[in-house]
Each structure stands twice: as structure tokens, then as C-alpha cells.
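Just so it is clear, none of the values below were taken in a lab; they were calculated from the coordinates. A quick note: this is a predicted structure, and the numbers were derived from the prediction, not measured. Positions of Cβ are backbone-derived with ideal geometry, glycine not excepted, and every protein chain shown enters the neighbour counts.
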């Protein structure tokens, strides 16, 4: 059984450079259907309008943070089971606990490498 | 405002030494009339209507000392030219930091653009050459993440500078008789969770995060 790499992936970060980096790293592992959003509000609109198999989001964004986006996703009947990976520089225990309590699927701390990204994607999609 | 009781206080404070002085005068001038001296002293005390009690005098002395301290502090703050800090130094520092973010972003974008070109070249290759090229570009993509981290660190420094600026403005306002100082924004609910990158010695690495995540399972 292999991962369906044609799935739509939404990446969310207010740093366009980081969006570009994640998009390229995903492309290298054959995820080519990648859409971008630069904050939680835009991401939520795209999620509600489309069909995504995975969300990879930064935390520290405005006006809607990654945590708020996660809470909105988990509160939405249609979106609540969407795998959600938080990629953030916030590395305090309380951050991980808050994200887990909000229903995060996995948590990657910046700076990260391609192997960690691939590993966490496989885990949340149930192929690891 | 002093009243009759204040006069009595002054008299009682001075009374003990007055008796001693009267006794000394009597000893030195046995022919003198102590009652006359006493009358003179009472007359002097009577003219002190409206003057301060000893307690009030002490308090006045302290208030005067405090006033001198405040005046000295104002002179010292003026000598520091704190207005320059808020009007020039801090804005300059934040502009320079913003420029650093802008320049590193531009440089990173240029690196990424070259990297994407290399990826396209790798797509046209086969075997070890393609794999090695892709491995190299992967490392470059990972390294380019520095721009996000340094950007967040610089944002934290800018926020700290702005906080210092606000506090200095408050101090200046306090010592320049201005009623309103700069308002330091209150923290939002989630703000205690928004700290940005930790210093390396304090930060959890990915393996720590993984252990913590696994502890919930």
C-alpha cells in the first residue's frame, strides 16, 4: 500500500520563502498538488472550498494563527479528520501540549529537514 | 494648616530646654529677673503663629529633599537626551533590522530560484547523477529555512526594542509633566504561546518533540 501522492496538500505559512521551501521539498517526494495560504483565514477558506488530504501549517501567523486554524478545522464536521501537521519554531512544551489538545496530527519544529518532513507525512497518512 | 494646638506643640518641644536655659541664666545672673526672660521667650513663641510643628518641619525637609532628587533626575534624563532614543536610535535600529530581513529574503529567493533550476536539470538526468543533484538541492532547501528562523528572531528583537521605546516614552512623560505616557499593548490570550524560536540551549529539538507527542498516545 502506498501513499496517494496526487492528493491536494495545503501548506500555510506567512513567510513566502518557507512556502517555497516546503513546496519544493514536497515536490521532491512527489507531492505535486500543493496549494498555499499565508495565514489561517485564507487557509480555512481554501479548505472549505476544496478537498485536501493534508494540511501543513505554521503556527505564528496573523490574523488567524495555526492553532486557531487547527481548532477551526477540528470543529468543522467536513474537515475534522483532515491530517494536520504543525511546522513551527515554537518549541516549548506548552506549545506541543496545546497543539495536541487541539487535535494536531504531528508536530515538526523548525529548522527541520526533508527526512523529518517525509517521516511525519508518512506517519499521519498512516503509512509508517 | 497650623492652629493653636500647633503652638502648644512647639512650646512643649522647646519647653524643656527653655527651663534649663532659664536656670543657667539665673545661675549666671542671680540679680536678673528670670520672669522677664521667660516673657521674652513666650513672646517669641507667640510670634510663631502659623509656623510649622517639628513633625511638619521634618516632613517638609523630606519633601524638599525629594524635590531636589526629582529635579536632579530630570536634569540627568535631559542630559541623556532620551528623546533621541525614541526619535532616532530605536527607529534606526528597527529599520536596519527590517532591511536585514529584506536582504536575506531576497538572497534566499535567489538561491531557491537557482535550486529550482537545478531540480529541473535533475529531472532530465538519470541514475546517480540525478540522485546526487537532488540530494544537494534538498540540503540547500533545508538550509534556506534559516531565513524564516532569523526573520522570527529579528521580529522578536524589534518587538523588544519597541517595548523599550514605549517604556522610555513613559519615563519621559512622567518626568516632563505630561499626563499621558505611551501605552504598552496588553498581551492577547494566545500570546504566551507565541514566543518564536528559542535559543539553542533552551529549545527542544525534534527528538524531544517526538517523545512528547508519543507521550500522548
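The table for this structure:
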item	result
Computed over chain A: relative contact order in percent, which uses C-alpha pairs under 8 Å that are six or more apart	23
Three-way shape label, chain A, alpha-carbon gyration tensor, a/c 1.5	rounded
Least to most buried among B:100, A:21, A:3, B:209 (fewest other Cβ within 10 Å first)	B:100, A:3, B:209, A:21
Long-range Cα-Cα pairs in the range A:41-83 (distance over 11 Å), rounded percent	62
Inter-label distance, nm, simple model (7 Å from Cα along the C-beta direction), residue B:29/residue B:146	9.5
Anisotropy class of the range A:1-73 from Cα gyration tensor, a/c 1.5 cut	oblate
FRET efficiency estimate (nearest 0.05) - Cβ-Cβ, residue A:30 to residue B:195, R0 35 angstrom	0.50
Evaluated at q = 0.15, 0.26 Å⁻¹: base-10 log I(q)/I(0), Debye formula over Cα of the range B:78-134	-0.62, -0.93
Relative exposure of B:194, A:54, B:92, judged by other C-beta atoms within 10 Å (fewest first)	B:92, B:194, A:54
P(r) tail fraction, the range A:73-128 - alpha-carbon pairs more than 16 Å apart, %	46
Directionally averaged shadow of the range B:71-217, computed from the convex hull of its alpha-carbon atoms, nm²	14.7
Exposure proxy order (Cβ contacts within 10 Å, fewest to most) of B:70, A:85, B:85	B:70, B:85, A:85
Label point distance in nm, residue B:102-residue B:162, each placed 7 Å from Cα along Cα→Cβ	1.7
